[in-house]
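The values are calculated or read from the model by the stated rules, or taken from the named source; none is laboratory data. Computed from a prediction, not measured in an experiment: that's the story for all the values here. Every residue, glycine among them, receives a Cβ derived from its backbone with ideal geometry; neighbour counts consider all protein chains shown.
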Amino acid sequence: MNAPKNIIDIINSNKTSLGDNPAIPPELNEKFLVFLVNEHYNNIAEQFSHIDINELSNELSKTITECRRYELQNRQALEQLCMELTNEIFGIPNGTIMIDMKLVDKVDAKQERLVPESTIDYSFDNIEDMKNLTNEIYKRRLLNALIIGAATYYAENISFYTNELNHIDPILPKLYEKILAINSLLIFHTKQYKNGSRTDGGKVDVYLSNPETPVRIKAEGIMFPILLEETIKGLLELSISHGLPESREKAEYVTSKSDFKLAEIWDQRLGLPLWNRIINIMENIGEDPLEVGLNFLFMEISKLKPSHFNTVMQEVFANTKAGHSIMKKMSDKIHYEKERDEFDDYMLQQDDDNQYPLNDGDFSSDELINDDLCATNILDETDY
């Protein structure tokens, strides 16, 4: 079963959150993203005997209400489980990052940037600078989608933490599975919000103060899987910040154009099938992204210059022999560096003058990426 026609039409017109992205492989018989989304949608639809959108929407609402009733009795245990799973995925050394994760009744996302900012006052150095920053925006848009894809992949893999959930309340795994299955289908039948008055199921904020204070991540979610997903997203957002331009002004321009709320629905639709392509290659070369390190993997990909980034990602998404070789070399190099150095010493020594915008206020790259979470200079992009 193919995805809804309006979804395919939008993809064909390049009006998704990725636009006419140069990191997407060229089309053969049809656009690569059309093929990918149809395949993904069909895999989801096969879980249902019949599809009635209104019926499924009502069933989703009822099941969420029931689920939150059970969660209310176990919030502290579920928040603790979220912390344990996050540490299991990322291996965060003690005291390096403060993570505040809360199950809440309601998430207010009205303060988030809804659409790309208008930057009519921005002054480019020259036409080449304009072209370069456009490519940086395309690159970051794809990375944002991949982050959502990876976070969804691990947070919604209930089997990853079923045993732990059974100790909290054995009814929760089945409720989560039902909710996530319905929701994965309905995101292809959901209209985008057109104004800023709304609430969301989850959000994550990253707070940076000074070099003496650890990075703080504040994640909220109305249900456990959403809370876990938002926490993973926050940590991966730290990783890809290494890929921003060194100039603070240029980095702010890129994020103002690429980080916005209305992109998320399309990032959800495209991010997971794109991440699955990476998972497939990693499996084929005998690697597990969690063993390699999600944060290291995202950081190294993000550090590629846009032109090389586009070539690398096309090879990876197209599942070519070159794509396999690239991911193998990247994984081997990360393993080598992790074995050579103790984790606490395996970090990028950034120039204190480098600036990266993530939130308001001035902060250096050392403040942005805690040295105990991500390493840099693992790979020279000329190696692949």
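Scan segment 1-24 residue by residue and report those that are in contact (Cβ under 8 Å) with a residue 40 or more places away in the chain and under 20 Å from the mean Cα position of the chain (by Cα).
Result: Thr16, Ser17, Leu18, Gly19, Asn21, Pro22, Ala23, Ile24.
Can you tell me which residue is nearest to the chain's Cα centre (by Cα) among those in segment 78-87 that are surrounded by 13 or more Cβ atoms within 10 Å (Cβ to Cβ) and over 15 Å from Ile171 (Cβ atoms)? Please lay out each step first, then the result.
To start, the set of residues in segment 78-87 that are surrounded by 13 or more Cβ atoms within 10 Å (Cβ to Cβ) comprises 78-83, 85-87.
From the residues that got through so far, the ones that are over 15 Å from Ile171 (Cβ atoms) too are 79-83, 85-87.
Values: Glu79: 21, Gln80: 22, Leu81: 21, Cys82: 17, Met83: 18, Leu85: 17, Thr86: 14, Asn87: 17 Å.
Out of the qualifying residues, it is Thr86.
Given the criteria within 30 Å of Val312 (Cβ to Cβ), surrounded by 12 or more Cβ atoms within 10 Å (Cβ to Cβ) and at pLDDT 90 or above, does Thr96 qualify? Reasoning before the result, please.
Details: within 30 Å of Val312 (Cβ to Cβ): yes; surrounded by 12 or more Cβ atoms within 10 Å (Cβ to Cβ): yes; at pLDDT 90 or above: no.
No; evaluated as a whole, the condition is false for this residue.
Can you tell me how many residues within segment 116-133 are touching a helix residue (DSSP H, G or I) at 6+ places or on another chain (Cβ under 9 Å) and either on the phi > 0 side of the Ramachandran plot or among the β-branched types (Val, Ile, Thr) (or both)?
Summing the residues that are touching a helix residue (DSSP H, G or I) at 6+ places or on another chain (Cβ under 9 Å) and either on the phi > 0 side of the Ramachandran plot or among the β-branched types (Val, Ile, Thr) (or both) in segment 116-133 gives 1.
What residue, among those in segment 217-256 that are among the charged types (D, E, K, R) and under 18 Å from the mean Cα position of the chain (by Cα), is surrounded by the fewest Cβ atoms within 10 Å (Cβ to Cβ)? So that I can check it myself, show each step before the final result.
Step one: of segment 217-256, the residues among the charged types (D, E, K, R) are 218, 220, 229-230, 233, 237, 246, 248-250, 252.
Of the ones still in play, those that are also under 18 Å from the mean Cα position of the chain (by Cα) are 218, 220, 229-230, 233, 237.
On the way: Lys218: 17, Glu220: 23, Glu229: 25, Glu230: 25, Lys233: 22, Glu237: 21.
Only one residue fits best here, namely Lys218.
Output the residues belonging to segment 37-77 that are farther than 28 Å from Ile168 by Cα, outside any helix (DSSP H, G or I) and under 28 Å from the mean Cα position of the chain (by Cα).
Hits for segment 37-77 are Glu46, Phe48.
Return yes when Thr152 is part of a loop (DSSP other than H, G, I, E, B) and hydroxyl-bearing (Ser, Thr, Tyr) and no when it is not. Before the answer, list the steps.
Working: part of a loop (DSSP other than H, G, I, E, B): no; hydroxyl-bearing (Ser, Thr, Tyr): yes.
So Thr152 does not fit the description; no.
Do we find that Arg68 is in contact (Cβ under 8 Å) with a residue 24 or more places away in the chain, out of contact with any Lys or Arg (no Cβ under 8 Å at 6 or more places or on another chain) and basic (Lys, Arg) in this structure? Before you say what the answer is, go through the steps one by one.
Details: in contact (Cβ under 8 Å) with a residue 24 or more places away in the chain: yes; out of contact with any Lys or Arg (no Cβ under 8 Å at 6 or more places or on another chain): yes; basic (Lys, Arg): yes.
Spelling it out, Arg68 is indeed in contact (Cβ under 8 Å) with a residue 24 or more places away in the chain, out of contact with any Lys or Arg (no Cβ under 8 Å at 6 or more places or on another chain) and basic (Lys, Arg).
Looking at segment 257-284, which of the residues that are buried (at least 19 other Cβ atoms within 10 Å of the Cβ) and free of Cβ contacts under 8 Å to residues at least 60 places away in the same chain is nearest to Asn319 (Cα to Cα)?
This residue is Ile281.
Taking segment 309-355 as the search range and keeping residues that are touching a strand residue (DSSP E or B) at 6+ places or on another chain (Cβ under 7 Å) and either surrounded by 13 or more Cβ atoms within 10 Å (Cβ to Cβ) or over 21 Å from Leu244 (Cα atoms) (or both), which one is modelled with the highest pLDDT?
Residues of segment 309-355 touching a strand residue (DSSP E or B) at 6+ places or on another chain (Cβ under 7 Å): 352, 354-355.
Then drop every residue that is not either surrounded by 13 or more Cβ atoms within 10 Å (Cβ to Cβ) or over 21 Å from Leu244 (Cα atoms) (or both), which leaves 354-355.
Numbers: Asn354: 40, Gln355: 37.
That would be Asn354.
Condition check: of a type outside the set (Gly, Ala, Ser), more than 21 Å from Pro273 (Cα to Cα) and surrounded by 22 or more Cβ atoms within 10 Å (Cβ to Cβ). Does Tyr161 satisfy that?
It is true that Tyr161 is of a type outside the set (Gly, Ala, Ser), more than 21 Å from Pro273 (Cα to Cα) and surrounded by 22 or more Cβ atoms within 10 Å (Cβ to Cβ).
Do the conditions hold for Lys131, that is, is it closer than 21 Å to Asn21 by Cβ, part of a helix (DSSP H, G or I), free of Cβ contacts under 8 Å to residues at least 24 places away in the same chain and not β-branched (Val, Ile, Thr)? Walk me through it before giving the result.
Numbers: closer than 21 Å to Asn21 by Cβ: yes; part of a helix (DSSP H, G or I): yes; free of Cβ contacts under 8 Å to residues at least 24 places away in the same chain: yes; not β-branched (Val, Ile, Thr): yes.
Taking the combined requirement at face value, the residue satisfies it.
Scan segment 289-317 and report the pairs whose first residue is closer than 20 Å to Ile279 by Cβ and in contact (Cβ under 8 Å) with a residue 12 or more places away in the chain and whose second residue is among the acidic types (Asp, Glu) and surrounded by fewer than 23 Cβ atoms within 10 Å (Cβ to Cβ), with Cβ atoms within less than 7 Å and a gap of 6+ or a chain change.
Leu304/Glu381
For every residue, the table says whether it meets (1) touching a Lys or Arg at 6+ places or on another chain (Cβ under 7 Å); (2) part of a loop (DSSP other than H, G, I, E, B).
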position	(1), (2)
Gln80	no, no
Leu85	no, no
Glu88	no, no
Met98	yes, no
Gln111	no, yes
Pro116	yes, yes
Ser123	no, yes
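List every residue pair whose Cβ atoms lie under 8 Å apart, where the two residues are 6 or more positions apart in sequence or sit on different chains, the first residue falls within segment 25-48 and is touching a residue at least 40 places away in the same chain (Cβ under 8 Å), and the second residue, located anywhere, is assigned to a loop (DSSP other than H, G, I, E, B) and β-branched (Val, Ile, Thr).
Phe32/Ile24; Leu33/Thr16; Leu33/Ile24; Ala45/Ile51
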